[in-house]
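The values are calculated or read from the model by the stated rules, or taken from the named source; none is laboratory data. Just so we're clear, the structure is a prediction, and the values are computed from it rather than from any experiment. FYI the Cβ positions are ideal-geometry reconstructions off the backbone, even for glycines, and counts take in every protein chain you see.
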Amino acid sequence: MENRTLIIVPAYNEEQALPATLAELTRIFPPRNILVVNDGSADGTGAAAKKAGVRVVNLPVNMGIGVAMQTGYKFAVRHGYSAAVQCDGDGQHPADQIPQLLAGLARGNNLAVGSRFIDADGKGFKSLFVRRQAIRYFSHLIALLTGQRVRDVTSGFRAADRKTMDIFAADYPFDYPEPEALVLLARHGCRIAEVPVVMRERQGGVSSIGLFAGVYYVVKVSIGLFVQRLRK
């Protein structure tokens, strides 16, 4: 499946971390199977991607992660890929964990979510306490709305099969899309599985979610999940 897999790397002002991320990816996947969606970066992100020899789509202005990822899924569908993997450009997602995500698809799932919170020892990744509580809240809310339990609902490290790619190419949430995308897939009867993976701290740049933005995030995503569930 790996030769028919597109690695989608959404990137906004990731000039610092992107070269190492792409170097790691190209040791496993051919450059033609890697697509960087440069989301209107103000730095040298686009140039760094071009130098690495991978495919690049440059969005004219910063549109947000939702538009960047939908662009990637549209590209994957148009070019006939059978699977797509979201791998962030900030270095958090190790390339050697991608085969585990693809194995999750091979078991008959439509989406495999790389989880920081489950591993063989039942321990997992330790994030900030407030962030863990927010993720736990969303996990319970999504389980209530869909009947499917996903622990790491905000993980952006995920693999999608062709059915999921078709859905996301036509309709993908904006702003903070990862939790809403799970509800969207559940509405379409898709099977979602979690796969234990190892993740790192970001290797460059800064997070776009601060304290105030975090409160806004919880409120906005909560409303978005209910709206997504009620849509026909």
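Observations on the model:
- Criterion violated by Ile34 - all others in (1) more than 15 Å from the chain's Cα centre (by Cα); (2) surrounded by 15 or more Cβ atoms within 10 Å (Cβ to Cβ); (3) among the hydrophobic types (A, V, I, L, M, F, W, C) satisfied: (1)
- Test result for Asn58, touching a Gly at 6+ places or on another chain (Cβ under 7 Å) and either of a type outside the set (A, V, I, L, M) or more than 26 Å from Lys163 (Cβ to Cβ) (or both): yes
- The condition (being modelled with pLDDT of 95 or more, in contact with a Lys or Arg (Cβ under 6 Å, 6 or more places away or on another chain) and not basic (Lys, Arg)) is satisfied by just one residue among Leu35, Leu25: Leu35.
- Some residue of segment 21-29 being in a strand (DSSP E or B), within 28 Å of Leu184 (Cβ to Cβ) and touching a residue at least 60 places away in the same chain (Cβ under 8 Å): no
- Selection within segment 34-75 - touching a strand residue (DSSP E or B) at 6+ places or on another chain (Cβ under 9 Å) and touching a residue at least 60 places away in the same chain (Cβ under 8 Å): Gly64, Ile65, Val67, Met69, Gly72, Tyr73, Phe75
- Test: Ala170 is touching a Gly at 6+ places or on another chain (Cβ under 8 Å), at pLDDT 95 or above and small (Gly, Ala, Ser): no
- Looking only at segment 182-232, residues that are surrounded by fewer than 11 Cβ atoms within 10 Å (Cβ to Cβ), modelled with pLDDT under 80 and part of a loop (DSSP other than H, G, I, E, B) come to 5 in all.
- Residue check for Phe168: touching a residue at least 60 places away in the same chain (Cβ under 8 Å) and farther than 16 Å from Val227 by Cα: yes
- Under the condition of being in a helix (DSSP H, G or I) and within 15 Å of the chain's Cα centre (by Cα), the residues counted in segment 148-166 number 2.
- Residue within segment 13-27 that is among the small types (Gly, Ala, Ser), on the phi < 0 side of the Ramachandran plot and crowded, with 19+ Cβ neighbours inside 10 Å present: yes
- Within segment 95-111, considering residues that are within 14 Å of Pro196 (Cβ to Cβ) and under 13 Å from the mean Cα position of the chain (by Cα), the one surrounded by the fewest Cβ atoms within 10 Å (Cβ to Cβ): Ile98
- Matching residues, segment 54-94, being under 18 Å from Ser155 (Cα atoms) and either at pLDDT below 95 or in a loop (DSSP other than H, G, I, E, B) (or both): Gly64, Cys87, Asp88, Gly89, Asp90, Gly91, Gln92, His93, Pro94
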